[in-house]
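Working notes, structure below.
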Protein chains: 2
Amino acid sequence: MPDIGKLLWPQSVAVVGASSDVQGLRGRILQTILSHPFAGRVYPVSRSATEVQGLKAYPSVDILPEPADFAILIIPARYVPTELEHCGRAGIKAAMILSSGFAEEGEAGALMQDEISIIARRYDMAVSGPNSEGFANIPAAFCPTFSPALDKNAGPIKPARALGAGHVSVISQSGGLGFAVFDRARPRNLAFRHIVTTGNEAALEAFDFVDYMLDEGMTDVFLLLLEEVKSPEKFKRVAEKALRVGKPIIVGKIGRSEPGARAVASHTAALAGSEASYRAVFDRYGLIEAKELDDMIDFAVGFLACGNRMPAGKRIGICTASGGAGVWMADACAAAGLEVPVLDDATRKSIDVHIPSYGTSQNPVDCTAQGVHKLGYATFAHLVAQSPLIDGIVVVVTARRSAFLEIDLPKLENLQHDTRKPIYMWTYTLPSDRSVEILNAAGYPLFTSAFGCARTVRAMSDYRASQERTSSKPLAACRAHPAYEKVHAALKASVTVLSEYHARSLLDAYGIDGNVGTLAGSAAEAEVAASIIGRPVALKVQSIDILHKTEVGAVALNVAPEDTRAAYERVLESANRFVPTADIQGVLVQPMAPAGREVIVGVSRDECWGPLLMLGLGGVMVEAVRDVVLAPVPLDHEAALALIHRLKGSAVFGRYRGMPPADTGALADLMVKLSQFAFDHADDVTEVDLNPVIVHAKGDGITVVDALIVKRTVQRAGHRTAAE
Amino acid sequence: MPDIGKLLWPQSVAVVGASSDVQGLRGRILQTILSHPFAGRVYPVSRSATEVQGLKAYPSVDILPEPADFAILIIPARYVPTELEHCGRAGIKAAMILSSGFAEEGEAGALMQDEISIIARRYDMAVSGPNSEGFANIPAAFCPTFSPALDKNAGPIKPARALGAGHVSVISQSGGLGFAVFDRARPRNLAFRHIVTTGNEAALEAFDFVDYMLDEGMTDVFLLLLEEVKSPEKFKRVAEKALRVGKPIIVGKIGRSEPGARAVASHTAALAGSEASYRAVFDRYGLIEAKELDDMIDFAVGFLACGNRMPAGKRIGICTASGGAGVWMADACAAAGLEVPVLDDATRKSIDVHIPSYGTSQNPVDCTAQGVHKLGYATFAHLVAQSPLIDGIVVVVTARRSAFLEIDLPKLENLQHDTRKPIYMWTYTLPSDRSVEILNAAGYPLFTSAFGCARTVRAMSDYRASQERTSSKPLAACRAHPAYEKVHAALKASVTVLSEYHARSLLDAYGIDGNVGTLAGSAAEAEVAASIIGRPVALKVQSIDILHKTEVGAVALNVAPEDTRAAYERVLESANRFVPTADIQGVLVQPMAPAGREVIVGVSRDECWGPLLMLGLGGVMVEAVRDVVLAPVPLDHEAALALIHRLKGSAVFGRYRGMPPADTGALADLMVKLSQFAFDHADDVTEVDLNPVIVHAKGDGITVVDALIVKRTVQRAGHRTAAE
């Protein structure tokens, strides 16, 4: 691994292509570097000028007074490979390429980008870009970027008084958005460490930087703007590492929508991948997805201020002096999936003595203006925090005037020691600078968006749960099933689409036996099988040439055992009539499944993430609603149960319309086994479809009504390019 | 109707309860009034002081130098009725009660609140409050409120240079939130006219103020914060009036969630009503719901800047210099339900000549920094606006620096004349004040939230559609169906829950005949009916004492005509065994319905809004997902079709899983007829349930499988109180 330290913390820097024209990017970048108090040495490299912006310029990187630690290349794309080669030969161990015109431009550009990665490997250089907007190392005051957010007149790069003791780093594949997050965070007094934009990632990827910064140990919250994950295995390793050390990664996923994904493909030559797949993987690895830029900042504010006291659950107490604003916050909490329970009697009694009768202690606690005026916010927040029903507190304030907060400040400061529960503040008016200062100094996160505040609480509660879930066990079990070799060989030997009977026999090896049935080769065999079952059966012609069995009359349902012989002849005849050339393996005889909840359980292969387990509510009408959840494989029983409960219609598994509760344990068991199957045979299987699966009442298990496996035939190497 | 003009535009004002102590609310309100250049005369009224804040004070409202136009009451609740009576007798025609402690406090308070409304009527006074935070009339600089947002040092109340020529008024049942919206809008340069908080609405309601302001004709956009609608008929009249004159009403509904609604109930003694009902009514009357405070302001910015050029559809073109930011905006557009289509070839060609090959003209149009640097944003926006595929344009800018916008300004100004399509701007960095000024002056709405910008475009597109839909016809047809009298009499005479056969006979009178069937009184009659049908039938015992027929074996399905006699005896016997006392009307004989899409069509009565038509996808599994839509009644065919398409799973009605398209025309027809039924019998019917209804293939109509009507028995007068 090349040394990213040389890139982010150089003692000496060559700016190749630097210019004195500060209207252009080649001048702006040098101007920006020089406008901050960076302590390192800066060497402009220019073919034409001997002096650039008052500094002596050098014609080439190999005749600098010293081999620079780090070279910045801002020259036309076609010169980049040669110049990078020069850097390598001159002993420069880190480089950043700002130039555009590589993979995002088509085939010729993609070839040049490949050259960059080869040169980087050859010289073991830490190479960032191309097509990046640079970075900023805030503690070093080193800002090699042309982003207007780092203009000297855009304001100081460190807050006069930071919120909390921690630091935030931004890593973004998009230059504009990466620095925008930094810029937008300014009024919130966050202390930043690094803002890195990675561009096309010819060599170094976003998660290489996360990895470096985890080792550096000085970043407490990561804000990532991702268009794609280039190396899924690296992602998994680094994301798990971050989760285990408790450094939250907040992700803004760029290109979630169809037009967005289309644009990403054209813009950085990346395949954005399915939004649902990304969400499933983010969820597994505890990454926190933020939908809006300002949410990313809100989340960072929450983690920096309350990272040492994350909410233990989702139950929120709200204190407010404005009834309407309290309700607004309750609505925001509910929208974020938080609970706002009515407080317990003891807590209510302790509050009731302090508020007029037109207030209420139920929750939201309407302390009334009069109550707050008398006692301050801190007293009420303290009382609410005592409730055993509450995991976190939101205090609704009006921070337009600071005078009142000023008076309350000593109590607010004490409150942080009196409770270990997190306390968040939302102001419905715009806060004065002084109010922000006071509350930040006392360690409180202050939000101007009620919904942003609520989403922050939810994100922190979820993150705590992810951490707890992960702390004791690895995220992916890696041992193959004992039946692996046998099934692997069978898969290798089979045709592309496996018939139901064939698919079932492979799944059976993994303990998925929900209705294997008997393959009958004659009417007599079918009759015997049915009489052993002793109740109505289903008959299904098995042939790899007949995928839609029902449509050609190759299925008979609800056949009484005594009618089996006739039904056997009927389905075979129908199959032969419709598909005369079909190679028929036999007729599958299965007991008819008793009623229950219909679900679909499957595996589908994501281009980037590999196999994902899929669970959806089933039935003709439901599929139009698309109530489907995904998870990476393998999955343990607990995760399978959690996934079942993430279905929007998961109420169907409880006591529902006269039915007793469903056997979700058996469903989870099926999911665990199928996920192991998918994990073991990831390279060989594109799709598994158990559709429908009937989930019976608790204790009665499940029935797999139909099964299908599609083998993987196309082995893709690397990524699609925009041209595909 | 009392004269609200006296309240909002008084020449003389009595402040009853005024104090010199500016720490308290009684001092603050007078201080705030005096701190703005209000031209009217202000008379403090005080029992104890002869001078208040430098003004001569009077002991009572009836010895003022003149009968004041308007009295502000800020005295303990128990004195309010008497004092209001004094005002009435003194000839004061308008009053505002800021005091708390009325309906929100319990029964005694509610009685006092009733007194207020009686006194207001007796003297024909315009009375606002109680429990309000006051109001501000910005053009009159009259600010009778203690909100910190109107503090002198909170900043000017009018922007130096306003966005557009129009004005915004805020009307809020919550004091805190109403002024918060005004406060938050300050950085956006909106010109406000009125900010009115209405409190408990003992007399004047939010929509009285909207009505007044519509007549006043100086408000172009209304921002409403509503906890409840007290008078649904007034709402409907005023909302329709606003829609017809094209003055958008943007609503923040307070108490959307369960904990929020619970808090509203305790806080203003209001029943918040079902969120879904409110949404259905808002939708019908073209009100625009905003989920977050900042969305309300974004929407107002959009309407003020582009209200004369609303997007004709949902197809958006995006121009950007930052690839990532363009994708982010595309994601935001998709999330708001907008389309971002690939541009047509002619438009693309006209753009391609101006951008480097690493940009793209597909949409989002990545003009690249280089392209924008050369030509400016306006040129690209102009080119995109020429596309016939595009209804509106979003330009993604970085407004941190204004220099570049300054250069582009003449072109930006021209652009507004060159196209009638609306152009929105989103800046991903924080805008400088000068940037805001430049863009506002050129008439562009500038957003800092990508998602807020996209939601604004969507809101304006929806509003335009609402207006077009409404322009030619009244929103509710009011003539009763010819069968009204007959059905009304039958309903009056019937028991509470009507049996299927009885319910069907009433619905049949409205042309809802989707499977009436024959009521057989004997096995022989049943056999005849079945043989006429000539295919399998359903038999259902009809009795008002047996509501759950299936569970007591009182239903037989798929009965062959020749088996009818036996089945008849079986269901009757079973019914008699389980419910020996049942009064049995007969056995309904109906043809079995062929397969199709299952839906539920019903009517339910909302406490506030009366009957609402309900449509949901049906079937056991679907109900857990709750894919349900509502609409006020009556409904025309077009609105019924639109409602069908609002189902999340509406794809089920198209070509779906091998089925031909469904007969949505017949379903819409059923909905129209049922909505007329519900409208006509609103006072007598609590619930109608057609469940399931089978929608067959196009041309084959629908089958109503079961029907139920529940009569309305409890007539509620007025609103629940918190105590209930």
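Derivation of every value follows stated rules applied to the coordinates shown; laboratory data play no part. Quick caveat, the model's predicted, so the values are computed rather than measured. As a convention, Cβ positions derive from the backbone with ideal geometry for all residues, glycine included, and neighbour counts pool all protein chains shown.
Values as computed for the structure displayed
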read-out: Theoretical FRET efficiency, 1/(1+(r/R0)^6), r = Cβ-Cβ of A:S472 and A:H548, R0 45 Å, to 0.05; value: 0.45
read-out: Likely footprinting exposure, B:C87, B:C367, fewest C-beta neighbours within 10 Å first; value: B:C87, B:C367
read-out: Computed label-point distance, nm, for sites A:R244 and B:D3 using a 7 Å Cα→Cβ extension; value: 7.9
read-out: Shortest-first distances to equivalent copies, position B:D114, nm, label 7 Å out along Cβ; value: 8.6
read-out: Computed over the stretch A:501-603, Kirkwood Rh from alpha-carbon pairs, angstrom; value: 14.0
read-out: Whole-number percent relative contact order across the stretch A:393-469, with pairs defined as alpha carbons under 8 Å at least 6 apart; value: 34
read-out: For the stretch A:301-342 versus the stretch A:21-98, the gap between their alpha-carbon centres in whole angstrom; value: 50
read-out: Proximal lysines to A:K253, defined as alpha-carbon separation beneath 17 angstrom and excluding residues fewer than eight positions away on the same chain; value: A:K230, A:K236, A:K291
read-out: Shielding by other protein chains, A:244-254, mean Cβ within 10 Å; value: 1
read-out: At 7 Å out from Cα toward Cβ: A:D418 inter-copy label distances (nm, ascending); value: 6.4
read-out: Expected 222 nm ellipticity per residue - DSSP helices of 4 or more, -39500 (n - 2.57), all of the protein assembly as shown, to 500; value: -11500 deg cm²/dmol
read-out: Which of A:W328, B:W426, B:W9 has the fewest Cβ neighbours within 10 Å, and the rest in rising order; value: B:W9, B:W426, A:W328
read-out: Cα gyration tensor shape of the stretch A:317-361, rounded if a/c is under 1.5, else prolate or oblate by comparing a/b with b/c; value: oblate
read-out: Nearest-first distances (nm) between copies at A:D215, label 7 Å from Cα via Cβ; value: 7.6
read-out: Considering only chain A, percent of DSSP beta bridges that pair antiparallel, nearest 5; value: 50
read-out: Exposure proxy ranking, count of Cβ atoms within 10 Å, fewest first, for B:E500, A:E573, A:E133, A:E598; value: A:E573, A:E598, B:E500, A:E133
read-out: Reachable lysines from A:K374, criterion Cα separation under 25 angstrom, eight or more residues apart if same chain; value: A:K349, A:K411, A:K421, B:K152
read-out: Overall form of the stretch A:605-649 per C-alpha gyration tensor (a/c, 1.5; a/b vs b/c); value: oblate
read-out: Inter-part distance where the stretch A:419-441 and the stretch A:468-533 are each reduced to a Cα centre, Å; value: 58
read-out: Centre separation in Å (Cα based) which lies between the stretch A:658-711 and the stretch A:540-561; value: 21
read-out: C-alpha long axis of helix B:403-418 to longest principal axis of chain B, angle in °; value: 60
read-out: Residue-span extension gain [B:A312 to B:A441] - 0.36 nm each, minus C-alpha spacing; value: 44.0 nm
read-out: Area projected by the alpha carbon convex hull of the stretch A:73-141, averaged over all directions, nm²; value: 4.7
read-out: Volume per residue of the C-alpha convex hull in the stretch B:425-562, rounded to whole Å³; value: 275
read-out: Whole-angstrom Cα spans of the protein assembly as shown along principal axes, big to small; value: 98, 98, 63
read-out: Candidate aspartates and glutamates for bridging to A:K158, where Cα separation is under 15 Å - those fewer than 8 sequence places away on the same chain excluded; value: A:D183, A:E437
read-out: Degrees between helix A:293-306 axis and first principal axis of chain A (Cα, 0 to 90, nearest 10); value: 80
read-out: Cα gyration tensor shape of chain B, rounded if a/c is under 1.5, else prolate or oblate by comparing a/b with b/c; value: oblate
read-out: Acute angle (nearest 10 degrees) that the helix B:107-122 long axis makes with the longest principal axis of chain B, alpha-carbon atoms; value: 70
read-out: Per-residue mean of C-beta atoms belonging to partner chains within 10 Å, peptide A:450-460; value: 1
read-out: Peptide A:422-431 - average C-beta neighbours from other chains (10 Å radius); value: 3
read-out: Set of the stretch A:225-245 residues, backbone N closer than 19 Å to the point 7 Å along the Cα-Cβ line of A:R121; value: A:230-235
read-out: Förster radius 45 Å - calculated FRET efficiency between A:S531 and B:Q585 (Cβ-Cβ, nearest 0.05); value: 0.45
